[in-house]
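Colleague: Sharing a structure, written as structure tokens. Questions coming.
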Amino acid sequence: MSFEGGTLPADAVRGMFDRIAPVYDAMNRVMTAGLDQRWRRITVAEAVREGDRVLDACCGTGDLAIAAQKRGAEVTGLDFSEAMLVRARKKAPGIEWVQGDMLALPFEAGSFDAITVGFGVRNVTDLEAGLLELRRVLRPGGRVGILEITTPRGWLRPFYRLWFDRVVPLLGKVLPGGDAYTYLPASVRRFPPPAELSGLLERNGFAAVRFRLFAGGIVALHVGDAR
Ligand SMILES: C[S@@+](CC[C@H](N)C(=O)[O-])C[C@H]1O[C@@H](n2cnc3c(N)ncnc32)[C@H](O)[C@@H]1O
């Protein structure tokens with residue numbers, strides 16, 4: 001299967017995450033030099049308050065949901081990959097883990113005070129529909145925190161291209177589900193840059209959208225309030 005366009009049908013995305021689940025956490029630590037957990041903690045600090053009902057959508061193996069729980073929130077993690085959820089359940093049996101699709105969330109409107117999504121929205125087949133669905137299950141005034149890989153501008157860009165387009169796919173060749181690491185750079189390339197994502201959030205039910213960049217602009221955190 002070719003990943004050049006970075007778009008895949010939902011079933012193929014789910015199958016890919018099912019396959020890489022055993023190495024997912026280790027790959028995260030290697031690819032980010034261990035910074036990914038710090039970015040998750042900052043996401044939670046900006047979007048989640050103690051006592052909030054929080055949805056962590058596209059929760060994967062659960063690290064962002066666990067960070068929200070540590071902040072004193074009541075957390076539900078949702079993902080469509082059962083293999084990722086198996087790992088999340090092992091790490092934190094006390095969190096409610098739900099198998100489901102971010103494009104058709106199995107929750108009533110206004111169910112949550114905050115939603116976090118870590119490295120997830122890039123994979124959703126219809127980004128605007130996904131943002132609208134997040135907005136639907138947030139109460140008015142609730143917060144969304146979206147942590148996502150993005151393409152840096154400036155001097156870092158050539159190093160980033162080398163790392164992401166050459167080294168990461170190479171790593172993937174020796175790991176189970178390695179095709180995911182060809183898909184990863186392609187999916188980042190087609191994802192809207194930070195200012196554009198802010199506009200999309202504003203047009204799909206969110207206000208006061210702001211973003212900050214990490215690691216020289218490789219990762220962006222967008223935070224917004226549900227209108
Ligand atoms: C790169 S992982 C991120 C996992 C986790 N949030 C983290 O911070 O590491 C992306 C996750 O999104 C999930 N995912 C992608 N599209 C989805 C959708 N439409 N509905 C639910 N989960 C989805 C995948 O199964 C995968 O576990």
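The values are calculated or read from the model by the stated rules, or taken from the named source; none is laboratory data. Not measured: the values here are computed from a predicted model. Cβ coordinates were reconstructed from backbone atoms using ideal geometry, including for glycine residues, and neighbour counts include every protein chain displayed.
Colleague: Can you name the residue in the range 111-126 that is in contact (Cβ under 8 Å) with a residue 60 or more places away in the chain and more than 12 Å from the chain's Cα centre (by Cα) and, of all such residues, is surrounded by the fewest Cβ atoms within 10 Å (Cβ to Cβ)?
Modeller: Within the range 111-126, the first condition is being in contact (Cβ under 8 Å) with a residue 60 or more places away in the chain, and the residues that meet it are 112-125.
Within this subset, residues satisfying the condition of being more than 12 Å from the chain's Cα centre (by Cα) are 112-114, 125.
On the way: Phe112: 27, Asp113: 21, Ala114: 26, Thr125: 15.
Going through the qualifying residues, I end up with Thr125.
Colleague: How do the pairs read when you match residues in the range 40-53 that are modelled with pLDDT of 95 or more with residues anywhere that are exposed (fewer than 14 other Cβ atoms within 10 Å of the Cβ) and not in a loop (DSSP other than H, G, I, E, B), using Cβ under 8 Å and keeping only pairs 6 or more apart or on different chains?
Modeller: Here the result reads Val44/Lys70, each pair linking the range 40-53 to a residue that is exposed (fewer than 14 other Cβ atoms within 10 Å of the Cβ) and not in a loop (DSSP other than H, G, I, E, B).
Colleague: If you take just the strands (runs of 3 or more DSSP E) that sit entirely in the range 87-193, which of them hold at least 1 residues that are in contact with a strand residue (DSSP E or B) (Cβ under 7 Å, 6 or more places away or on another chain), of a type in the set (Asp, Glu) and farther than 19 Å from Gly62 by Cβ?
Modeller: So the answer is 112-118.
Colleague: Being under 18 Å from Ser111 (Cβ atoms), within 14 Å of the ligand (Cβ to nearest atom) and not acidic (Asp, Glu) is the filter here, so list the residues in the range 70-94 that pass it.
Modeller: Across the range 70-94, the qualifying residues are Val75, Thr76, Gly77, Leu78.
Colleague: Please enumerate the residues belonging to the range 100-114 that are in contact with a helix residue (DSSP H, G or I) (Cβ under 6 Å, 6 or more places away or on another chain) and within 12 Å of the ligand (Cβ to nearest atom).
Modeller: Step one: of the range 100-114, the residues in contact with a helix residue (DSSP H, G or I) (Cβ under 6 Å, 6 or more places away or on another chain) are 102-103, 105, 107, 109, 111-112, 114.
Met102, Leu103, Leu105, listed by residue number.
Colleague: For the range 30-57, name all the residues that are within 11 Å of the ligand (Cβ to nearest atom) and out of contact with any helix residue (DSSP H, G or I) (no Cβ under 7 Å at 6 or more places or on another chain).
Modeller: Those that are within 11 Å of the ligand (Cβ to nearest atom) and out of contact with any helix residue (DSSP H, G or I) (no Cβ under 7 Å at 6 or more places or on another chain): Thr32, Trp39.
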